[in-house]
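The values are calculated or read from the model by the stated rules, or taken from the named source; none is laboratory data. Fair warning: this is a prediction, and the values are worked out from it, not measured in the lab. Cβ sites come from the backbone with ideal geometry, for glycine too, and all protein chains shown count toward neighbours. These area figures cover heavy atoms from the full protein model, side chains too; ligands, DNA and RNA do not enter into them. Shrake-Rupley method; radii C 1.70, N 1.55, O 1.52, S 1.80 Å.
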Amino acid sequence: MCWGRLSASCTHESPSRSHNSGLSRLSPRTQTTLLKPSSSSSPDYESTLILVVCNTGYRELLRNWMCNAQRLGLKFLVGLADPEIARWMEREHGEVETYPLFEHAEVSAEGEFMSSNFFRIVWRAMELVRELLDSGISVFFIDVDVHLLQDPHLYLSSNCDLVYQQNHCGADAPARTAMEVTEPNSGLYLVKSRWASKQFLSEILLNKPADRKSGEKYSHAERVQIQYWEHLKRWYGFQRAVLSQLPEENDKERKKHVAKFCAADSHKFATGWALERDNFSIIKSEVIALHINCITGRQNKIDKLRNLSLWCP
């Protein structure tokens, strides 16, 4: 089984066996999806690929996501979880570059939070990010339920190894800056193609749970976001990385031999706390990306986007 259009030929090796399965040489077409920040003369500003992943169950959200990304003039790569959505993309959005997440299986059902499909897709997405890093490009991973309101180029032009979104689900507006104990959100992050970034993701992926048989459940601790958070705290605790803030510390000098992980401004890259209409109306003019998280279910997310007048016609 082979679907998607990232490389000229499709590998039949299982993607989980290698960080380089089928991605060592990007196609010329894929090269055109790379974003180049304006300050490209600096070695800190690599070409960056925006990646979103989806399956048939979330096709409506993908259509809305692409509508907004294209409105902003962005190019991107879509990771596909099943042949049905691959056929839909080929038929309706043939100009968009795609790549198959799974070579020998399909994950087409909705994948609601904590479901088997949810776990398989989010872990495979991080594997794909790690594989892309070995191709020498940086990756801006964005979940399909993240609504882009502005071009995120500013955040590509930092000297951080990793930029992550803070996760806040309460009703009150959080502080803009993060502490080392602040949970990251694994649904939106920018990771640079550097040794520290590659090592960080590789260590998280060592904890990827084995696929479950039908009916068997995953535990909360096996969520990719929990593993992400635990490894982030570990890197800070052992001083393998320092915590910085964006955009306040954008381009400030970095320490040698220590990774620089940056928390994005929690208002510019907002999560569930901003989904209340009153909260959103206060920060709307400055929001770059709004994550429709802290609520579950495809239809609930669609209803929230419509309620905030963020649904593409």
Pairs where the first residue, in the range 284-313, is farther than 21 Å from TYR189 by Cα and touching a residue at least 24 places away in the same chain (Cβ under 8 Å) and the second is of a type in the set (A, V, I, L, M) and open to solvent by less than 80 Å² (accessible area, probe 1.4 Å), C-beta under 6 Å, 6+ apart: LYS304/LEU275; LYS304/ILE292; TRP311/LEU305
Quick check on the range 170-183. Is at least one of its residues surrounded by 14 or more Cβ atoms within 10 Å (Cβ to Cβ), outside any loop (DSSP other than H, G, I, E, B), in contact (Cβ under 8 Å) with a residue 24 or more places away in the chain and in contact with a strand residue (DSSP E or B) (Cβ under 9 Å, 6 or more places away or on another chain)? no
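Taking into account only those residues within the range 184-212 that are of a type in the set (D, E, K, R) and part of a helix (DSSP H, G or I), which is farthest from ARG120 (Cα to Cα)? Break it down stepwise before answering.
Taking the range 184-212 and keeping what is of a type in the set (D, E, K, R), we get 192, 194, 198, 203, 208, 211-212.
Then keep just the ones that are part of a helix (DSSP H, G or I); that gives 198, 203.
On the way: LYS198: 21, GLU203: 18 Å.
It comes out as LYS198.
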Give the range 172-226 a look and list any residue that's in contact with a Leu (Cβ under 8 Å, 6 or more places away or on another chain) and among the acidic types (Asp, Glu), or say none. GLU180
Residue count, the range 96-117, condition modelled with pLDDT under 90 and either under 14 Å from the mean Cα position of the chain (by Cα) or in a loop (DSSP other than H, G, I, E, B) (or both), comes to 15
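Every residue, every condition in (1) under 16 Å from the mean Cα position of the chain (by Cα); (2) surrounded by 18 or more Cβ atoms within 10 Å (Cβ to Cβ); (3) in a loop (DSSP other than H, G, I, E, B); (4) modelled with pLDDT of 90 or more, yes or no:
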| residue | (1), (2), (3), (4) |
| --- | --- |
| PRO43 | no, no, yes, no |
| GLU46 | no, yes, yes, no |
| TYR58 | yes, yes, no, yes |
| TRP65 | yes, yes, no, yes |
| TRP88 | no, no, no, yes |
| ARG91 | no, no, no, yes |
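Is the range 192-206 home to any residue that is of a type in the set (A, V, I, L, M, F, W, C), more than 24 Å from TYR99 (Cα to Cα), open to solvent by 10 Å² or more (accessible area, probe 1.4 Å) and at pLDDT below 90?
The first filter runs over the range 192-206 and keeps only residues of a type in the set (A, V, I, L, M, F, W, C), leaving 195-196, 200-201, 204-206.
Subset that is more than 24 Å from TYR99 (Cα to Cα): 195-196.
Imposing the further condition that a residue be open to solvent by 10 Å² or more (accessible area, probe 1.4 Å) reduces the set to 195-196.
Narrowing the set further to residues that are at pLDDT below 90 leaves none.
No, every residue in the range 192-206 fails to be of a type in the set (A, V, I, L, M, F, W, C), more than 24 Å from TYR99 (Cα to Cα), open to solvent by 10 Å² or more (accessible area, probe 1.4 Å) and at pLDDT below 90.
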Residue list for the range 254-271, restricted to those being on the phi < 0 side of the Ramachandran plot and open to solvent by 10 Å² or more (accessible area, probe 1.4 Å): ARG254, LYS255, LYS256, VAL258, HIS267, LYS268
Pairs, first touching a residue at least 24 places away in the same chain (Cβ under 8 Å) and closer than 14 Å to GLN166 by Cα in the range 225-236, second among the acidic types (Asp, Glu) and open to solvent by less than 60 Å² (accessible area, probe 1.4 Å), C-beta under 8 Å, six or more apart: GLN225/GLU183; TRP229/GLU183
Restricting the search to the range 207-233, which residues are open to solvent by 20 Å² or more (accessible area, probe 1.4 Å) and among the aliphatic types (A, V, I, L, M)? ALA210, ALA221, ILE226
